[in-house]
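Reading through the structure tokens given below for one structure.
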Amino acid sequence: MRDQRGDPAEGKAHMRLELRGITKRFGALVANDHIDLVVEPGEIHSLLGENGAGKSTLMNVLYGLYEADEGEILLDGVVQNFSGPGDAMAAGIGMVHQHFMLVPVFTVAENVMLGHEQVKGAGVLDLDAARARVREISARFGFHVDPDALVEDLPVGVQQRVEIIKALSRNADILVFDEPTAVLTPQETDELMGIMRQLRDDGAAIVFITHKLREVREVADRISVVRLGKVVGEASPTATDAELASLMVGRAVELTVHKGAPVLAGSGLDVEHLTVTGPGGAVLVDDVSFSVKGGEVLVVAGVQGNGQTELTEALVGLQESVTGSVRLEGVELVGRSVRSVLDVGVGFVPEDRTHDGLVGEFTIAENLMLDRSDGPPFVRRGALQLAERDQFAREKVAEFDVRTPSIETRVGRLSGGNQQKVVLARELSRDLRLLVAAQPTRGVDVGSIEFIHKRVVATRDAGVPVVVVSTELDEAVALADRIMVMYRGRVVGIVPATTPRDVLGLMMAGISPEDAEGDAA
Amino acid sequence: MSATIDVPSAAPQASAEVRHVTQVTWKTTLVLGVVTVLYGVLLLLAPHEGDSRFALSNAGDFFTIPVVVVPAMATAWVCFVIAAIVTTASAWLTRSARRLPAWAVALAAVVLLVGFLAWAAAGSPRDLSVVGLLGGAVLLSVPIVYGALGGVLCERAGVVNIAIEGQLLAGAFTAAIVGSITDSPYVGAFAAVLAGVLVGAVLGLFTITYHVNQVIVGVVLNVLVIGLTSFLYSQLLVPQTEALNATTRFTRIGIPFLERIPVIGPVLFDQTIIVYLMVVAVAVVWFALFRTRWGLRTRAVGEHPLAADTVGIDVVRTRYRAVLWAGAVAGLGGAFYTVVSINQFGKEMTAGAGFIALAAVIFGKWNPVRAALAGLLFGFASNLQSVLSVVGSPVPSQFMLMVPYVVTILAVAGLVGRSRPPAAEGVPYVKG
């Protein structure tokens, strides 16, 4: 067993990882197409690519979760045969997963020891040894992690550190970080970069998977760009954002959103003292007040899970325990059913399109009329009007550039970007007086992102108040007229879109805009 | 490793956590209130004059406690007043957003029970045997407790075990046949364990290997075992009762000294080996789940199987192991019917005990000790009926037969607070 090799601090085996011709197919889809990759010890090698480019699949092959159809994995020139993650770990590969692989109801120590438990006697857990191990690694990196804390009680940033401790406690020489910054504040991201550099200087080979250009340029020693399952090229960290983006997408990309100065209409959305209480008494949205005028985009920024989802759901009547007031052009929305909120003229793009926005087993045409199933023109005397429905669907598919073989295609078969366009087409085809879009571009390819941004700006220019939730600072800054930052259910501040990024970053950690400007200066 | 790099601790935070408000729930007060009022109405409408006699000791105890004789209605009303006070306190505490301590709820329950017994036994010439009440409760709860332990083991690993009923029945049937043929209750009990494991293996095969909906497989298994044992019973056991369906039973083994303590001696320390084993099993299951490597892995597989897989734990094997152990425990519980309780198998003789065990699992929040206590409570509720019919209670026996199920519904409806099942329970693990 590797565990007997002693402290990783001494005698670190510097290991070189090589992937040769890795191919992985899922049915007809080729997720990885003959991928070659070399990661040297003591370097941070970034795997840059869009959502769905095949980065995570590749790493799951490396980690033994998937079996490759072709190709081989070499460590220090020796071909490996992983039949499961246990083998990969034993060989010295550690992984910090995008969705943390932690058992929420276990303590930190239990999570770290799981799978390679120290035992005394006949299988009785030696928790003290596990605690000591957590403390030792924690101290080495300045992590401040309490081994007896329950993981579910820890903030996500700390949970990620537990994931790192887990990998290090098994003496991993090769560390894979899969989209590690998605759930972090900008400050936490900076700290993570520091940790990655420290691990690299320590001799580890690090694979950093991301689609965020800024982070790649900041920390990577080498960059491999993956597109549609293939490695399409290498880039140097000195490349510009535009160069990296065009390599990633395969064509020149417009990174900025073009929009004119807002033309404000008189009335719009007024939210006062909105409070949402979740099951168990947690106040998920805490006394939130703001207003959005017609012709204005308010972006609700913040790290995922700080009440933004619940806020948008409360606006359209999807939350149960809501107090306060939401008025749209003077009409009170709190207490109404979702149906009547939509009838007032609210368009809603939910955060999880596959779960809440679409019925995957329904066709595009069916999904496009889901919200108008209670009367003309699509339903008359209880019967579906198929001709009208299909006519409408064909128009919308063309207008919103949905790439699909036909309107009869099941929505579940479309790519993320095209699914989102279907949602947007449905929501924007009513007479809108408010648009609420939660994370409209998450998991969407760059081409679709451009399109969605344009439609959002067009809606704003038509004089509709727009509320967009985004966890990506770049998107928030690009799209917003004003930015509202949320933290732990409360509004930290509402600031102009021209606010410096580092100030916004500090606000996302709960620091008031005044203090943040002081700190940032 | 060189010097430690100074990574700043988490960014300074304005306020660390989401605000919490205490949510008041009127559930406890409501249930206490309704039960107390119903009890009061019963006393008003059907007063029972006379004395109630409670017998507390058996012959052979260290010392004899005389039969307690109390005036029935006075006792019943005193109990009513105490319950009313607890209910009022609960209402007052809930109003000020506080919670009634658990011991107060327990007090109200005990008081209401004593009052009810006093009322029911009023004027009866026969003593109400407290030893019989408790001892019978322990016996009736044995299959429930074994079943609940099996349920906890299985569900902690992420497999819903609706098939407890089937495992109990299979155990009872097998123990009857094998016990009769070999004339040994030990061999019979061992065969029951194997029968439980067999049912568990089928459950595992379909739910773990073939990812079939766990609830459906469980229900189908129950129906299958009921059908199979009923068929074999009428075709095989009835014609050859002497050879195949007349077992030797376990004899009671008194623990010297302890068995002579009044009340608890005969209840706890003069039992068969199956009952002693039950106590051991509760402790062992608890220790195994929460203190051993096996338990940590089993719980991990039930909470987050993918996480377990990514640290090299074989999810399928771990789940199988838990399901088979669960079957063994439940099967042993089934043996109780035919080698402890009576000496022969009867059609559908488990009569829903497996489902009560399932309720005990939920009531006990998937903790073996709590689940076993819940099983004892349900056993007690079942036994109340038979004890009251002995003293000639005025309550129709059909009503008393409902008591365990009413208790079960109240318990599962969340009277004990939120009960959180293992996160991955019921979810088949399909590898990517």
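The values are calculated or read from the model by the stated rules, or taken from the named source; none is laboratory data. Everything numeric here is computed off the predicted structure, so don't read it as measured data. Glycine also receives a Cβ, built like all others from the backbone with ideal geometry; neighbour counts cover every protein chain displayed. The area values use the complete protein model at the heavy-atom level, side chains included, leaving out ligands, DNA and RNA. Shrake-Rupley method; radii C 1.70, N 1.55, O 1.52, S 1.80 Å.
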| note | Reported set for the range A:355-381 where residues are open to solvent by 80 Å² or more (accessible area, probe 1.4 Å) and either touching a Pro at 6+ places or on another chain (Cβ under 9 Å) or closer than 20 Å to A:VAL456 by Cα (or both) is A:ASP356
| task | Could you check the range A:465-521 for strands (runs of 3 or more DSSP E) lying wholly inside it with 3 or more residues that are of a type outside the set (A, V, I, L, M)? | result | A:490-496
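Can you tell me which residues in the range A:57-90 are more than 8 Å from chain B (Cβ to nearest Cβ) and assigned to a loop (DSSP other than H, G, I, E, B)?
The answer is A:GLY64, A:GLU67, A:ALA68, A:ASP69, A:ASP76, A:GLY77, A:ASN81, A:PHE82, A:SER83.
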| query | Within the range A:278-306, how many residues turn out to be touching a residue at least 12 places away in the same chain (Cβ under 8 Å) and either open to solvent by 30 Å² or more (accessible area, probe 1.4 Å) or more than 14 Å from chain B (Cβ to nearest Cβ) (or both)? | reply | 17
| query | Can you find even one residue in the range A:462-478 that is touching a residue at least 12 places away in the same chain (Cβ under 8 Å), within 14 Å of another protein chain (Cβ to nearest Cβ) and more than 25 Å from A:GLY345 (Cα to Cα)? | reply | no
| said: So in the range A:492-517, with the set limited to residues that are more than 20 Å from A:ARG214 (Cβ to Cβ) and more than 12 Å from chain B (Cβ to nearest Cβ), which one is surrounded by the fewest Cβ atoms within 10 Å (Cβ to Cβ)? | reply: A:PRO496
| said: Tally up the residues in the range B:298-314 that are surrounded by 24 or more Cβ atoms within 10 Å (Cβ to Cβ), within 11 Å of chain A (Cβ to nearest Cβ) and assigned to a helix (DSSP H, G or I), please. | reply: 9
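Please pick out the residue among B:LEU228, B:LEU221, B:LEU205, B:LEU198 that is modelled with pLDDT of 95 or more, within 30 Å of B:LYS431 (Cα to Cα) and open to solvent by 80 Å² or more (accessible area, probe 1.4 Å).
Just a single option satisfies the conditions, and that option is B:LEU198.
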| field | Single residue of A:LEU274, A:LEU228 found to be of a type in the set (A, V, I, L, M) and at positive phi | value | A:LEU228
| field | Residues (part of a helix (DSSP H, G or I) and farther than 13 Å from B:GLN385 by Cα) located in the range B:109-134 | value | B:ALA109, B:VAL110, B:VAL111, B:LEU112, B:VAL114, B:GLY115, B:ALA118, B:TRP119, B:VAL130, B:VAL131
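B:GLU259 - would you say it is open to solvent by 40 Å² or more (accessible area, probe 1.4 Å) and touching a strand residue (DSSP E or B) at 6+ places or on another chain (Cβ under 7 Å)?
Yes; evaluated as a whole, the condition is true for this residue.
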| Residues A:THR238, A:THR256, A:THR309: which one is within 14 Å of chain B (Cβ to nearest Cβ) and hydroxyl-bearing (Ser, Thr, Tyr)? | A:THR309
| said: Tell me which helices (runs of 4 or more DSSP H) are completely within the range A:311-400 and hold 2 or more residues being in contact with a Phe, Trp or Tyr (Cβ under 6 Å, 6 or more places away or on another chain) and farther than 20 Å from A:LEU435 by Cβ, or say none if there are none. | reply: A:386-399
| task | Return the only residue of B:ARG126, B:ARG95, B:ARG156, B:ARG99 being crowded, with 20+ Cβ neighbours inside 10 Å and basic (Lys, Arg). | result | B:ARG156
| note | From the option list B:ALA137, B:ALA106, single residue qualifying as open to solvent by less than 20 Å² (accessible area, probe 1.4 Å), part of a helix (DSSP H, G or I) and under 28 Å from B:ALA55 (Cβ atoms) is B:ALA137
| Across the range A:45-56, which residue is surrounded by the fewest Cβ atoms within 10 Å (Cβ to Cβ) among those that are more than 14 Å from every other protein chain (Cβ to nearest Cβ) and outside any loop (DSSP other than H, G, I, E, B)? | A:HIS45
| Index of the failed condition, A:PRO85 passing every other in (1) open to solvent by 50 Å² or more (accessible area, probe 1.4 Å); (2) closer than 30 Å to A:ASP36 by Cα; (3) of a type outside the set (Val, Ile, Thr); (4) within 28 Å of the chain's Cα centre (by Cα) | (1)
